[in-house]
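Report on the structure given below.
The values are calculated or read from the model by the stated rules, or taken from the named source; none is laboratory data. Note that the coordinates shown come from a computational prediction; the quantities given were computed from them, not determined experimentally. Neighbour counts are summed over all protein chains in view; Cβ atoms, including those assigned to glycine, are modelled from backbone coordinates with ideal geometry. Protein only, heavy atoms only, side chains kept; ligands, DNA and RNA dropped before computing areas. Shrake-Rupley method; radii C 1.70, N 1.55, O 1.52, S 1.80 Å.
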Amino acid sequence: MARLTLFSRPLPRRWAQGIIAGAPRRFATATTSPPMAPPHASHVGARDGLQNEKKAIPLPVKLDLIERLAKTGLSSIEAGAFVSPKWVPQMSNSSEILSHLLEHPPSSPRPLTFSFLAPNIKGMDAAAAILAQHPSSYETETHRLAFPPSTTPRKSSKPALEMAVFAAATESFSQRNLNCSIADSLARFRAVIAAAKDADLRVRAYISVVLGCPFEGADVDPHRVAEIATSLLEMGADEIALGDTTGMGTAPRTKELLTCLRSAGIRNEDVAMHFHDTYGQALVNTAVALEHGIRTFDSSVGGLGGCPYSPGASGNVATEDMVYFLESLGMDTGVDLDAVADIGAWISAEVGKPHESSVGKAVLAARLRAEREKKEAL
C-alpha cells in the first residue's frame, strides 16, 4: 500500500461537543486505496502478550521472541512500552529492547516496523533519548514514505519505528488504566504525538474497550469512540487501533461501530482492529471487519495477552489462528504459519502457560503425525 505525506486534509465532522478542535493533522500519513488491499497482521505479543504475566520474563527471552517473529514475515512488531515499571513491571526493560533492536536489527525477509507505547511525554522523551544515540539506525517516516516497501519481500537491515498512545472509550476504564479522564488523556497525548512527529516517527493510537468495558458493560457508545478517534487523527495519529480489550465484542456491535466511524469520515485505511478472544468471537468479528474493508489486524502468538486493568479478559486472538483464517479466505499474509506455530509453542512454555492457539496446536500435531508416519514407512 503506497502512502503519501499530508500536511493537512479535510477533517471529519465532530460527533459531539467537548473536545477542543486542534490544529490540522501534523505530518500524518494517508493511504491510497487500492481496490483490494492485502491483509496486514500486526504482532503485539512482545508487549501486550507479555505485559500481564506475573512471572518476570528475562530480557534475552523477549529479544529472542522478537528476533524469531521477525524471521516469519511479520512486518509490524510491538516490542515494548515506556511506562512506569511500578505499574507494569514487565515492561521495565523496554529501553534495553529498543537499544538492542537499533544496534542489532534482526534478520527479516521484509522491512520491519517496531512499535513502542509512550503514554505520556516522559515516556516519549525516554524513547527519543535512545533514538538520538542511534540517529542512523532506523528509517524515519519520511524515508519510508519516499521509498515504500516493495510488494515483493526483501531484506532490510534498518527498521522503521512507531510510537503509540492508548486512550479509552469509557471514563471508568480511563481512570483505571491512565488515572485520568478521557479529556485529560487526550490533552496529554497531543504533546506525545507532536513530539513523535517532530522526530519523524509514525504514530499509532489505541482506543481500548471499544466493544465492552469491564466496569461499564457492553454498551459502549460508538459515537463516543468515533469522537475520540477523530480527535486523535486531528492531532496527527496515522492509525487508530480499535481495541476489544475485554473480548465482549459481537458481530452486530462490531458492524455498528465500524459503520459509525465511517459515517464520521474516518477511512478504513486509518483503522486497525485489536480483538481479544475471551468469548471466542475474535475471528467472527474479524470477518465482519474484513467485509467492512479493514485490512490491519493485531494478534499474538499462542494467544498470549490480557490487560492488567481488565479483570477476566483473556488473551489476544492468536497469530496462528489469524494467519490461517486470512489465508483460508485466499488472502496472502506473507507470514510463515509453521514458523509462527513453533514460536507460539515455545513462548507459551517459556512463560509457563498453555498454548492457546487452536491452529498452532493443530499444525504441530499434524507435523508430528506426518513425521511418525514417515518413520514407520521406512
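Annotation: of all residues in the range 261-279 being open to solvent by less than 10 Å² (accessible area, probe 1.4 Å) and in a helix (DSSP H, G or I), the one that is nearest to residue 300 (Cα to Cα) is 270. Scanning the range 247-260 for residues that are open to solvent by less than 10 Å² (accessible area, probe 1.4 Å) and in a loop (DSSP other than H, G, I, E, B), we see that the one that is nearest to residue 291 (Cα to Cα) is 249.
With a requirement of 3 or more residues that are at pLDDT 95 or above and over 30 Å from residue 132 (Cβ atoms), the helices (runs of 4 or more DSSP H) lying completely within the range 156-237 that satisfy it span 171-178, 222-235. Only a single item in (1) in contact (Cβ under 8 Å) with a residue 60 or more places away in the chain; (2) assigned to a loop (DSSP other than H, G, I, E, B) is not met by residue 354, and it is number (1). Considering the range 325-350, and only residues there that are surrounded by 16 or more Cβ atoms within 10 Å (Cβ to Cβ) and of a type in the set (Ser, Thr, Tyr), the residue that is farthest from residue 280 (Cα to Cα) turns out to be 333.
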